[in-house]
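K.L.:
Could you have a look at this structure, given as C-alpha cells, before my questions?
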C-alpha cells in the first residue's frame with residue numbers, strides 16, 4: 001500500500017503489527033516534501049534531521065514494547081504559529097523570521113509525549129491574518145488541486161500539506177475560520193474545537209478570545225483520534241477548559257439516527273453560491289435518509305457577526321501585537337533611540353495586512369470610539385451566542401456551507417481586504433459564540449473541492465464526529481491532487 | 001466618522017507604526033471602506049444587552065505558592081537582538 005495515502009489509523013496499525021517502521025514512513029514523507037514543496041510552498045521550514053532522529057527513537061521504543069501512544073512514530077506538520085522548542089517559528093512574519101522558541105506549545109508538547117515525529121512548520125497568513133495564505137512573508141501557498149488558486153487561510157500550508165500527501169495530519173489555528181475554510185478549499189477534514197478545548201499556551205496570539213488550535217486530517221476518524229490526544233485542561237493556559245474530554249473514536253460510529261440537525265436559513269441566503277446551497281440541501285436529504293431529522297432554524301443576528309468579528313479581532317490583535325518591539329526577540333532595526341527602534345522594527349517587520357489590522361483595532365479602541373465599536377461588538381457577541389444557545393435547545397447540531405465559494409484564483413482579493421473578509425461570513429460566527437465547527441469534504445464544484453460545515457453545542461465535538469462521519473460516507477470522494485500523485489516519483 | 005490623513009497619522013503613532021506619506025491615502029481609503037461596513041452595527045439596538053468578554057464560564061484558578069522550574073536565563077536571552085551579560089541591551093531611552 002502507498003504509505004502516503006494511508007490514514008493515521010492505517011499507519012498506526014501498520015506500525016503496531018510491524019509492517020512498517022516510523023523511519024520508513026518519515027522518509028516517504030520527506031521525499032514527497034522534497035519533490036513537491038517547491039511547487040506548493042506548504043512548508044516554511046522542513047526539519048529532516050530532527051524528523052529522522054525522532055522516528056528512529058520511536059522505532060527503538062516500539063521494539064522494546066514501549067510505544068507511547070497509538071500515534072507513536074507517525075509524522076505531523078504544525079502551523080508555524082505553534083512554538084516548537086529549538087525549531088524556527090516565524091508566524092510567517094519578517095519580524096519573527098529568526099525566532100527560535102525556548103519552549104514547546106502545550107499542543108505540540110502533548111504530541112511529543114505521544115511520540116509524534118515533526119516534519120516541519122507550515123506556511124500561513126502573517127500572524128494568521130488572512131483567508132488566502134497570500135500575506136506570508138515567505139510567499140503564498142498554492143492550492144494542490146489547482147496551482148493557480150489559493151489554498152484558503154490562514155492555515156493554508158497546514159491544509160495543503162495534508163491534501164498533497166506531504167503530511168498525514170497537521171495542526172493549525174482558527175480565529176474566524178482559519179482551519180475550516182482552508183480544509184474546505186483543499187478537500188480535507190478540518191476541526192475547530194470549542195473555545196478552550198485545546199490549550200493555547202505557546203501558540204502565538206492573534207485574537208485571544210477567539211483563537212483555538214485545530215486539526216487537519218484526511219478522514220473524520222483520524223480527526224477524532226487526534227482530538228482525544230490533544231484536548232484537555234492546561235495549568236499554563238487559564239482559558240483552557242476543565243470540561244471533560246473523552247475518547248472521540250466511538251462517536252464516529254454512532255450514526256445519525258434520531259439526531260436533530262438544523263439548517264439555519266441565514267446561511268442559505270444571498271451571497272452564497274446557489275450551487276453550494278443546493279449541495280447543502282442535498283447533504284441534508286442524505287442525512288435524513290440515514291435517520292436524522294432536518295429542521296429549518298433561524299439565527300437572526302448572523303449578519304452582524306461578521307462586522308462585529310472584524311472589530312473584535314482587530315482590537316485584540318492591536319493589543320496582542322504590541323509585544324513585537326524588537327527588544328527581547330525577533331528582528332530589531334536599530335534606531336537612534338528606543339522610540340525610533342520601535343517604529344523601525346515594527347514598520348519594517350510587519351506586512352501590509354497586519355499593519356492595517358493593527359491600525360483598525362487601535363482606532364476602534366481609541367478614545368471616543370471605544371463604545372461605538374468595541375463595546376457594541378461585545379454586546380453583539382452576546383446576541384450571537386444567545387441565538388445559538390436557543391436553537392441548540394431543539395437541535396443537536398447545524399449544517400451550513402463553510403464558505404460562500406470554492407477556492408478562487410491567487411491575487412483576486414489581494415487589493416480588496418473587505419472582499420476577502422466577506423468570505424469568512426459562514427465561519428466567524430462560530431468563533432464569536434465559542435462553538436466547535438467541523439469542515440467535511442463534500443465532492444467537487446467547478447473541479448475544486450467543496451466542504452460543508454457542521455456546528456455543534458459547546459464541548460459537544462462528539463456530535464460533530466457522528467454527523468461528520470455520516471456525511472463523509474455519503475459524499476462523493478475528492479480525488480488526490482494530480483501533482484501529489486506524481487510528486488514522490490519525481491527525481 | 002471617516003478617517004482622514006491626520007487620523008491615519010494619529011492612529012499610527014498610537015500603534016507605534018510609521019506610515020510613509022505615499023501610503024497614507026491608501027490606508028485611509030481601505031480603512032474607510034472597512035469602517036463603513038462595520039457601521040451597520042449601529043443600526044442594531046443593543047440597549048441593555050450585557051457585553052460578553054469571554055465565552056467560557058471562567059473562574060479564578062488558584063494554586064499553592066510553590067517554586068517550580070522556570071525558563072533558564074540563557075535560553076530566555078538566546079533570541080535577544082542585543083545583550084550584555086544577563087541583560088537585554090537597548091538603545092538610549094532619553
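The values are calculated or read from the model by the stated rules, or taken from the named source; none is laboratory data. Values in this document were obtained by computation on a predicted structure and should not be read as measured data. Cβ coordinates were reconstructed from backbone atoms using ideal geometry, including for glycine residues, and neighbour counts include every protein chain displayed.
K.L.:
Among the residues of segment A:372-379, are any in a helix (DSSP H, G or I), facing chain B (nearest Cβ under 7 Å) and within 30 Å of residue A:278 (Cα to Cα)?
P.N.:
No, because not a single residue in segment A:372-379 is in a helix (DSSP H, G or I), facing chain B (nearest Cβ under 7 Å) and within 30 Å of residue A:278 (Cα to Cα).
K.L.:
Here's a follow-up. Scan segment A:67-85 residue by residue and report those that are touching a residue at least 24 places away in the same chain (Cβ under 8 Å) and in a loop (DSSP other than H, G, I, E, B).
P.N.:
A:67, A:68, A:69, A:70, A:71, A:72, A:73, A:74, A:80, A:81, A:83, listed by residue number.
K.L.:
Sticking with this one: Where residues in segment A:208-241 are touching a strand residue (DSSP E or B) at 6+ places or on another chain (Cβ under 8 Å) and within 14 Å of another protein chain (Cβ to nearest Cβ), which of them is nearest to residue A:116 (Cα to Cα)?
P.N.:
Filtering segment A:208-241 for residues that are touching a strand residue (DSSP E or B) at 6+ places or on another chain (Cβ under 8 Å) and within 14 Å of another protein chain (Cβ to nearest Cβ), the one nearest to residue A:116 (Cα to Cα) comes out as A:212.
K.L.:
While we're here: Which is in contact with a strand residue (DSSP E or B) (Cβ under 8 Å, 6 or more places away or on another chain), at pLDDT 95 or above and more than 7 Å from chain B (Cβ to nearest Cβ), of A:398, A:365, A:389?
P.N.:
After applying the criteria, what remains is A:398.
K.L.:
Output the residues belonging to segment A:177-200 that are under 23 Å from residue A:448 (Cα atoms) and either free of Cβ contacts under 8 Å to residues at least 60 places away in the same chain or within 14 Å of chain B (Cβ to nearest Cβ) (or both).
P.N.:
A:178, A:182, A:192
K.L.:
Please indicate, with yes or no, whether at least one residue in segment A:343-350 is within 12 Å of chain B (Cβ to nearest Cβ), in contact (Cβ under 8 Å) with a residue 12 or more places away in the chain and part of a loop (DSSP other than H, G, I, E, B).
P.N.:
Within segment A:343-350, one or more residues are within 12 Å of chain B (Cβ to nearest Cβ), in contact (Cβ under 8 Å) with a residue 12 or more places away in the chain and part of a loop (DSSP other than H, G, I, E, B).
K.L.:
While we're looking at this one, here's another question. Go through segment A:85-105 and report how many residues are buried (at least 24 other Cβ atoms within 10 Å of the Cβ) and farther than 23 Å from residue A:38 by Cα.
P.N.:
Residues flagged as buried (at least 24 other Cβ atoms within 10 Å of the Cβ) and farther than 23 Å from residue A:38 by Cα within segment A:85-105 amount to 2.
K.L.:
Something else about it: Quick check on this structure: which one of A:329, A:304 is in contact with a helix residue (DSSP H, G or I) (Cβ under 6 Å, 6 or more places away or on another chain) and either modelled with pLDDT under 95 or more than 20 Å from residue A:397 (Cβ to Cβ) (or both)?
P.N.:
Being in contact with a helix residue (DSSP H, G or I) (Cβ under 6 Å, 6 or more places away or on another chain) and either modelled with pLDDT under 95 or more than 20 Å from residue A:397 (Cβ to Cβ) (or both) holds for just one of A:329, A:304, which is A:304.
K.L.:
Additional query: Against the conditions (1) buried (at least 24 other Cβ atoms within 10 Å of the Cβ); (2) in a helix (DSSP H, G or I), where does residue A:213 fall short? Just the number, please.
P.N.:
Condition (2) is where residue A:213 drops out.
K.L.:
Quick one: count up the residues across segment A:332-342 that are within 7 Å of another protein chain (Cβ to nearest Cβ) and in contact with a helix residue (DSSP H, G or I) (Cβ under 9 Å, 6 or more places away or on another chain).
P.N.:
Residues in segment A:332-342 being within 7 Å of another protein chain (Cβ to nearest Cβ) and in contact with a helix residue (DSSP H, G or I) (Cβ under 9 Å, 6 or more places away or on another chain): 3 in total.
K.L.:
Output the residues belonging to segment A:1-21 that are outside any loop (DSSP other than H, G, I, E, B) and in contact (Cβ under 8 Å) with a residue 40 or more places away in the chain.
P.N.:
Listed by number, the residues that qualify are A:4, A:5, A:8, A:9, A:11, A:12, A:15, A:16.
K.L.:
Same structure, new question: Being more than 8 Å from every other protein chain (Cβ to nearest Cβ) and either assigned to a loop (DSSP other than H, G, I, E, B) or touching a helix residue (DSSP H, G or I) at 6+ places or on another chain (Cβ under 7 Å) (or both) is the filter; apply it to segment B:1-18 and report the residue that is surrounded by the most Cβ atoms within 10 Å (Cβ to Cβ).
P.N.:
B:5
K.L.:
Okay, moving on. Test residue A:198 against the stated conditions and say whether it is part of a loop (DSSP other than H, G, I, E, B) and buried (at least 24 other Cβ atoms within 10 Å of the Cβ).
P.N.:
Yes: the conditions hold for residue A:198.
K.L.:
Oh, and also: Quick one: how many residues across segment A:151-184 are over 26 Å from residue A:73 (Cα atoms), in contact with a helix residue (DSSP H, G or I) (Cβ under 7 Å, 6 or more places away or on another chain) and not in a strand (DSSP E or B)?
P.N.:
The number of residues fulfilling the criteria is 9.
K.L.:
Being more than 30 Å from residue A:418 (Cβ to Cβ), assigned to a helix (DSSP H, G or I) and either touching a helix residue (DSSP H, G or I) at 6+ places or on another chain (Cβ under 6 Å) or at the interface with another protein chain (Cβ under 7 Å from one of its Cβ atoms) (or both) is the filter here, so list the residues in segment B:35-94 that pass it.
P.N.:
Once the filter is applied, which keeps residues that are more than 30 Å from residue A:418 (Cβ to Cβ), assigned to a helix (DSSP H, G or I) and either touching a helix residue (DSSP H, G or I) at 6+ places or on another chain (Cβ under 6 Å) or at the interface with another protein chain (Cβ under 7 Å from one of its Cβ atoms) (or both), segment B:35-94 yields B:75, B:76.
K.L.:
Evaluate segment A:244-262: report whether one residue or more is more than 27 Å from residue A:475 (Cβ to Cβ), buried (at least 19 other Cβ atoms within 10 Å of the Cβ), under 25 Å from the mean Cα position of the chain (by Cα) and within 14 Å of chain B (Cβ to nearest Cβ).
P.N.:
no
K.L.:
Go through (1) crowded, with 17+ Cβ neighbours inside 10 Å; (2) farther than 21 Å from residue A:179 by Cβ and name the single condition residue A:38 misses.
P.N.:
(1)
K.L.:
State yes or no: is residue A:323 more than 22 Å from the chain's Cα centre (by Cα) and more than 10 Å from chain B (Cβ to nearest Cβ)?
P.N.:
yes
K.L.:
Just the residues that are assigned to a helix (DSSP H, G or I), buried (at least 19 other Cβ atoms within 10 Å of the Cβ) and more than 14 Å from every other protein chain (Cβ to nearest Cβ), please, taken from segment A:281-319.
P.N.:
A:283, A:284, A:287
K.L.:
Does residue A:96 qualify as being in a loop (DSSP other than H, G, I, E, B), over 17 Å from the mean Cα position of the chain (by Cα) and modelled with pLDDT under 95?
P.N.:
no
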